[in-house]
């Protein structure tokens with residue numbers, strides 16, 4: 001009873017904070033500056049580079065959530081999953097199948113699980129997002145949160161300055177540059193324990209050293225983290241333990257950067273960033289074997305589903321001061337290899353026999369998911385440098401060449417004995433018409449190339465001292481080509497497909513901002529976002545013919561068109577009470593046309609990408625921070641109503657319906673409160689963090705793929721507390737995440753006829769100790 005009363009008191013108090021606060025960016029400490037000059041110019045302010053130049057957050061007429069390293073540490077942010085939880089109207093989810101590492105990210109309801117990205121993912125000035133094709137291998141890579149200067153979440157289309165991958169917005173992971181004048185460092189260590197699971201721990205160190213003062217410096221960092229598991233893998237028949245806490249994960253990251261002064265006005269910053277993330281098994285559990293209320297999570301998978309994901313980003317940035325003009329060049333090469341080996345045993349058994357639990361446990365099936373990216377990018381910008389001038393401008397050119405290799409293969413060796421057992425002696429070829437292809441029951445190998453060249457320009461012109469016009473445009477030429485081979489019994493035939501698609505999109509932006517004084521900014525804008533179409537491998541008609549016939553198709557389409565958004569936004573940024581209270585408010589309306597989406601063929605388990613009509617996303621982002629003496633309150637509220645505009649019927653099947661929701665959760669809230677107080681010669685503090693996501697809606701019953709047994713996502717409440725002491729160089733704290741052990745149950749299954757239901761949840765209550773040091 002006491003626990004219940006305390007729980008509701010804390011939730012109620014934090015909810016009140018949220019109503020008057022949001023966007024944690026507004027109350028952050030200023031991020032670490034790269035140079036002494038920048039620190040002097042922006043002393044005490046939050047600095048962002050959303051417009052490709054250093055500006056105070058309060059002066060940028062864009063809705064941005066910006067998180068400094070100190071804020072990320074205070075919120076316990078370790079990954080993109082955590083980032084989405086603390087950022088209203090940023091949504092992130094992971095697929096509940098296989099290794100569980102495939103993910104989807106969206107901003108303001110612009111969400112798609114196929115095609116090129118709707119959200120740009122950047123490390124500094126380099127885009128690293130992936131194109132999602134039919135294969136289940138594709139997912140973005142995301143930097144783990146350690147040696148970062150800040151993270152910026154730019155909401156709304158960024159088509160002018162960031163191009164085709166930023167249709168709904170952009171997430172930028174900004175790394176710190178070496179200092180030419182000062183030696184400084186950062187370290188973080190942590191140990192924690194998850195209820196019902198095992199220990200987690202991490203350690204990392206970053207050091208910046210001027211080797212030759214004012215001329216040559218380096219920054220090096222290294223970091224390791226082990227996240228303990230909490231899902232057990234057991235024998236589904238006997239309950240015997242196979243692997244305890246199977247879903248443990250390890251992450252490694254290292255970065256080396258140099259800064260070289262090549263003359264009085266030129267600096268060169270080469271860098272290399274490497275990361276590896278691997279897991280022994282997924283965090284997906286079986287509903288029938290688990291007791292969610294007791295925090296007992298078990299999976300009965302015949303095989304584990306491990307994965308390994310690693311990337312390296314090498315970049316060279318050149319900054320040249322040409323008087324009133326700056327030249328910025330960024331050259332980069334991003335290479336990535338992801339390999340996962342998901343368990344397919346229960347899937348194949350149900351597909352062929354209707355039984356999810358294998359009739360013969362020795363007949364197991366796994367898969368090989370292999371995905372690789374090689375991306376070359378080059379961007380050059382010229383931009384004015386006099387911030388007080390009536391006219392400020394940026395012009396630039398961009399080129400990228402991205403090669404992507406995707407392979408999905410379901411190993412079929414067990415079919416050799418399984419098919420005769422199920423059919424009374426028939427062979428694989430008797431049943432499917434084709435034999436195994438190179439040992440695989442399903443074989444999908446695709447190589448694709450995305451090439452893009454673009455020119456862009458943006459101006460800021462002061463019509464009067466307080467009124468500024470912003471106008472920009474980007475003209476791109478994009479070309480996509482691919483070669484695909486799909487084969488094996490599950491496909492029904494060997495199909496080789498090639499294709500290409502190209503277009504020349506134009507993405508303009510226009511806006512007005514009024515800044516009557518340093519405390520108030522009001523703005524309105526209209527901007528366009530875009531993502532190119534593509535082509536795809538064919539779907540075998542032998543195995544999927546019935547599903548295709550229901551859609552009125554004799555074969556699946558092998559290409560799909562581009563889609564685009566127009567976004568209209570009105571906002572304000574206000575500083576009140578002598579700077580103690582900051583508000584950030586924006587209202588948006590987004591028209592999304594020719595949406596790319598995946599149509600799943602329910603009987604054969606395959607699918608294809610097509611364009612499914614239009615949608616409208618409308619909503620609000622509101623943020624505030626308040627500082628009263630030692631008390632700091634911050635919070636954010638986001639609301640997005642993203643729905644399809646029309647009902648689309650193909651053949652006898654409904655693909656989407658009017659009013660069907662795209663955004664998973666309409667409401668999102670993030671709030672925190674911290675109280676600072678002296679303890680002898682050190683500073684003490686205590687803080688509460690709270691995040692909320694409202695429940696998601698269920699797929700309408702008339703839509704193809706509808707499963708009445710799968711509800712919409714549940715509402716989630718997440719409370720974290722942290723208390724500690726700090727000096728000028730060391731911060732020691734204890735924390736509890738998921739204080740009330742809220743365990744939302746995200747339900748799924750592979751087939752509507754299956755009685756095997758899967759689930760996933762957030763990490764259970766976790767308590768630990770963190771030490772950080774800035775020196």
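The values are calculated or read from the model by the stated rules, or taken from the named source; none is laboratory data. For clarity, every value in this text was computed on a predicted model and none was experimentally measured. Methodologically, a virtual Cβ is constructed for each residue, glycine included, from the backbone with ideal geometry; neighbour enumeration extends over all protein chains shown.
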Report summary line: Screening 130, 110 for residues that are out of contact with any helix residue (DSSP H, G or I) (no Cβ under 9 Å at 6 or more places or on another chain), over 24 Å from residue 667 (Cα atoms), in contact (Cβ under 8 Å) with a residue 24 or more places away in the chain and crowded, with 22+ Cβ neighbours inside 10 Å leaves only 130
**Report entry** Tally of residues being in contact with a helix residue (DSSP H, G or I) (Cβ under 9 Å, 6 or more places away or on another chain) and within 30 Å of residue 761 (Cβ to Cβ) across region 174-219
**Finding:** 2
Requested in this report: With the condition kept exactly as written, say whether any residue in region 551-558 is in contact with a strand residue (DSSP E or B) (Cβ under 7 Å, 6 or more places away or on another chain) and either in a strand (DSSP E or B) or more than 26 Å from residue 648 (Cβ to Cβ) (or both).
Outcome: no
Query raised in the report: Can you name the number of the only condition in (1) within 17 Å of residue 282 (Cα to Cα); (2) crowded, with 16+ Cβ neighbours inside 10 Å; (3) out of contact with any helix residue (DSSP H, G or I) (no Cβ under 7 Å at 6 or more places or on another chain) that residue 234 fails?
Result: (3)
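Checking the structure you have, find out if any residue of region 675-686 is within 29 Å of residue 611 (Cα to Cα) and at pLDDT 90 or above.
The answer is no, given that none of the residues of region 675-686 is within 29 Å of residue 611 (Cα to Cα) and at pLDDT 90 or above.
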Query raised in the report: Do we find a residue being part of a strand (DSSP E or B), crowded, with 23+ Cβ neighbours inside 10 Å, touching a strand residue (DSSP E or B) at 6+ places or on another chain (Cβ under 7 Å) and modelled with pLDDT under 95 anywhere in region 531-539?
Result: yes
Query raised in the report: Only one of (1) touching a strand residue (DSSP E or B) at 6+ places or on another chain (Cβ under 6 Å); (2) modelled with pLDDT of 95 or more fails for residue 436. Which number is that?
Result: (1)
Query raised in the report: What are the residues in region 324-344 that are more than 18 Å from residue 270 (Cα to Cα) and either surrounded by 22 or more Cβ atoms within 10 Å (Cβ to Cβ) or under 27 Å from the mean Cα position of the chain (by Cα) (or both), if any?
Result: 336, 337, 338, 339, 340, 341, 342, 343, 344
Query raised in the report: If you check 99, 68, which single one turns out to be over 29 Å from residue 618 (Cα atoms) and either more than 9 Å from the chain's Cα centre (by Cα) or crowded, with 20+ Cβ neighbours inside 10 Å (or both)?
Result: 99
Requested in this report: For region 606-630, name all the residues that are farther than 22 Å from residue 57 by Cα, in a strand (DSSP E or B) and either at pLDDT 90 or above or more than 24 Å from the chain's Cα centre (by Cα) (or both).
Outcome: 615, 616, 617, 618
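Do you know which of the residues in region 613-627 that are surrounded by fewer than 21 Cβ atoms within 10 Å (Cβ to Cβ) and touching a strand residue (DSSP E or B) at 6+ places or on another chain (Cβ under 7 Å) is farthest from residue 661 (Cα to Cα)? Show your work before the answer.
Of the residues in region 613-627, the ones surrounded by fewer than 21 Cβ atoms within 10 Å (Cβ to Cβ) are 613-614, 616, 618, 620, 627.
Now restrict to residues that are touching a strand residue (DSSP E or B) at 6+ places or on another chain (Cβ under 7 Å): 613-614, 616, 618, 620.
Details: 613: 13, 614: 12, 616: 10, 618: 12, 620: 17 Å.
Per the criteria, the residue is 620.
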Query raised in the report: Do we have residue 48 as crowded, with 22+ Cβ neighbours inside 10 Å, over 30 Å from residue 200 (Cβ atoms), modelled with pLDDT under 90 and in contact with a helix residue (DSSP H, G or I) (Cβ under 6 Å, 6 or more places away or on another chain) here?
Result: yes
Requested in this report: Please specify each residue of region 180-218 satisfying the condition of being over 23 Å from residue 771 (Cα atoms) and part of a strand (DSSP E or B).
Outcome: 210, 211, 212, 216, 217, 218
Report summary line: Within region 631-666, of all residues that are in contact with a helix residue (DSSP H, G or I) (Cβ under 9 Å, 6 or more places away or on another chain) and in a loop (DSSP other than H, G, I, E, B), the one surrounded by the most Cβ atoms within 10 Å (Cβ to Cβ) is 651
Requested in this report: Output the strands (runs of 3 or more DSSP E) that fall wholly within region 221-297 and possess 1 or more residues being in contact (Cβ under 8 Å) with a residue 40 or more places away in the chain and farther than 24 Å from residue 307 by Cβ, or say none.
Outcome: 249-261, 266-279
Requested in this report: At least 2 residues that are under 29 Å from residue 471 (Cβ atoms) in each: list the strands (runs of 3 or more DSSP E) lying fully within region 84-179 that qualify.
Outcome: 103-107, 119-123, 150-155, 169-174
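Would you mind stating whether residue 589 is loosely packed, with under 15 Cβ neighbours inside 10 Å, in a strand (DSSP E or B) and under 30 Å from the mean Cα position of the chain (by Cα)?
For residue 589, the condition - loosely packed, with under 15 Cβ neighbours inside 10 Å, in a strand (DSSP E or B) and under 30 Å from the mean Cα position of the chain (by Cα) - is met.
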